[in-house]
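Okay, structure first, notes after.
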Amino acid sequence: MEITDRNQDDTVVVSVKGRMDAISAPEFEKDLDARIGQGETRFVIDLAELDYISSAGLRSILALAKKVKTGQGMLHLAALKAPVKEVFDISGFSSIIPIFDSVDAACR
Amino acid sequence: MPEIRLPARLEHLEPLMAFVSDCAEARGFSGKRVQEIQLATEEALVNIFNYAYPEDRVGDVRILCWNESDDTLVVEFRDSGIPFEFDNLGTPDVEASVAGREIGGLGIFLIRKMVDEVDYRREEGENILTFTLQARE
């Protein structure tokens, strides 16, 4: 899994490429915790190139959502591929974390 | 009958998952279905890695797979760890908000959604978790 961050205005856009599973999810959490430690509160996770997510990945995203909520920030997800969207839908995560078709839409 | 056996540790997740994917692909499941089976496999394995052998206990996980009838694949996960409380696992509240949502509970839930039939039994000191998968599209 590859993670790249960039700033778009006051939002951090985090692009995750590959698979978020029990092995790689901790790396994602570590990266985002570092950004939160730097004072960032607004996040868009760009999942256009994420092929797979398991409960470990969902847990990391939920943990991020809880931290962002505490800091009164924002967490949006963008560009989910069909298999990933399916997992979000089944688990009920689609209705608690805003999902957008594009990074631009998610940043607004 | 194809079988793989490795120590029940996260570092072995990938070859264990690849074994099951290979079985599903050989059985003719579609790419989408293989991915769903992969997800259920990861969830089953991570549960075993986390719970089967507590403290200093070490042990293996074994996966067997075979065909039953024309369009059914059976995948069996076996470990010799402590008894698995399969029926006592709660269901995550999929309607809860971010604040109310608990971090755990998703693994078995996702398995049940991805696999046609899931069974658990304990036999001669082994936990045996069985997936029955119909080739369906």
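Any read-out appearing in this document is the output of simple, stated calculations on the displayed coordinates, not a laboratory observation. Only a predicted model underlies this, so the values are computations on that prediction, with no experimental measurement involved. In this analysis, Cβ positions are derived from the backbone assuming ideal geometry, glycine residues included, and neighbour counts consider all displayed protein chains.
Gain in length, B:E11 to B:S30, computed as 0.36 nm per residue apart minus the alpha-carbon separation, to one decimal in nm?
Gain on stretching B:E11 to B:S30: 4.1 nm.
On average, how many beta carbons from a partner chain sit within 10 Å of the beta carbon of a residue in B:36-45?
3
What residues of segment B:106-122 lie in the reach of a label at B:N50, counting those whose backbone N is under 20 Å from a point 7 Å from the Cα along Cα→Cβ?
B:106-115, B:118-121
Binning every alpha carbon pair distance of the protein assembly as shown at 5 Å from zero, what are the percents per bin?
Once binned at 5 Å, the Cα pair distances of the protein assembly as shown give 1, 6, 14, 17, 18, 15, 12, 9, 6, 3, 1, 0, 0.
Could you compute the net charge surrounding A:N7? Neighbours are other residues with a C-beta less than 15 Å from the C-beta of A:N7; K and R count +1, D and E count -1.
Charge balance near A:N7 sits at -4.
Can you give the translational diffusion coefficient of chain A in µm²/s, computed by Stokes-Einstein from the Kirkwood radius over Cα pairs at 10 °C and 1.306 mPa s?
D, rounded to a whole number, is 118 µm²/s.
Taking only Cα atoms and a 10 Å spring cutoff, compute GNM fluctuations for chain B and point out the largest among B:I48, B:I82, B:I63.
B:I82
Pull out a ≥ b ≥ c, the square roots of the eigenvalues of the alpha-carbon gyration tensor of chain B, then state rounded if a/c is under 1.5, prolate if not and a/b is larger than b/c, and oblate in the remaining case.
oblate
Can you give me the orientation-averaged projected area of the convex hull built on the Cα atoms of segment A:1-45, in nm²?
Here the figure is 2.9 nm², rounded to one decimal.
Would you compute, from DSSP H runs of 4+ residues alone, the mean residue ellipticity of the protein assembly as shown at 222 nm, taking -39500 (n - 2.57) per run and dividing by the full residue count, rounded to the nearest 500?
Roughly -11000 deg cm²/dmol at 222 nm, from the helical runs in the protein assembly as shown.
List the GluC sites (Glu not before Pro) within segment B:3-77 that DSSP assigns to loop and that have no more than 15 neighbouring Cβ atoms inside 10 Å.
Within segment B:3-77, the qualifying GluC sites (Glu not before Pro) (loop, at most 15 other Cβ atoms within 10 Å) are B:E55.
Quick one: what are the phi-derived ³J(HN,Hα) couplings along segment A:97-108, Karplus 6.51/-1.76/1.60 with θ = phi - 60°, whole Hz, x for glycine and proline?
Karplus values, whole Hz, x for Gly and Pro: 10, x, 10, 10, 6, 9, 4, 4, 4, 5, 7, 6.
What's the exposure ranking of B:S69, A:S15, A:S54, A:S95, going from fewest to most Cβ atoms within 10 Å?
The most exposed by this proxy come first: B:S69, A:S95, A:S15, A:S54.
With label points built 7 Å along Cα→Cβ from the Cα atoms of B:S21 and B:V118, find their separation and express it in nm.
Taking the simple label geometry, B:S21 and B:V118 are separated by 2.1 nm.
Which ordering of A:D46, A:D104 is given by a fewest-first count of other beta-carbon atoms within 10 Å?
So the residues, fewest neighbours to most, are A:D104, A:D46.
Under a 10 Å cutoff between Cα atoms, tell me which one of B:V58, B:V34, B:V20 has the largest fluctuation in the Gaussian network model of chain B.
B:V58
Looking at the protein assembly as shown, which Cys residues are left with no other cysteine's beta carbon under 4.7 Å from theirs?
A:C107
To the nearest 20 debye, what charge dipole does the protein assembly as shown have about its Cα centre, counting +1 at the Cβ of each Lys and Arg and -1 at the Cβ of each Asp and Glu?
Computed charge dipole of the protein assembly as shown: roughly 680 debye.
Compute the length gained on full extension between A:A48 and A:D31: take 0.36 nm times their separation in residues and subtract their Cα-Cα distance, giving the result in nm to one decimal.
4.3 nm
If you keep only loop residues by DSSP, which trypsin sites (Lys or Arg not before Pro) in segment A:1-90 have at most 15 other Cβ atoms within 10 Å of their Cβ?
A:K81
Measure up A:K17/A:K85; A:K67/B:K113; A:K85/B:K113; A:K30/A:K69; A:K69/B:K113 against 24 Å on the Cα-Cα distance and list the ones that go over.
Check vs 24 Å cut-off fails for A:K67/B:K113; A:K69/B:K113.
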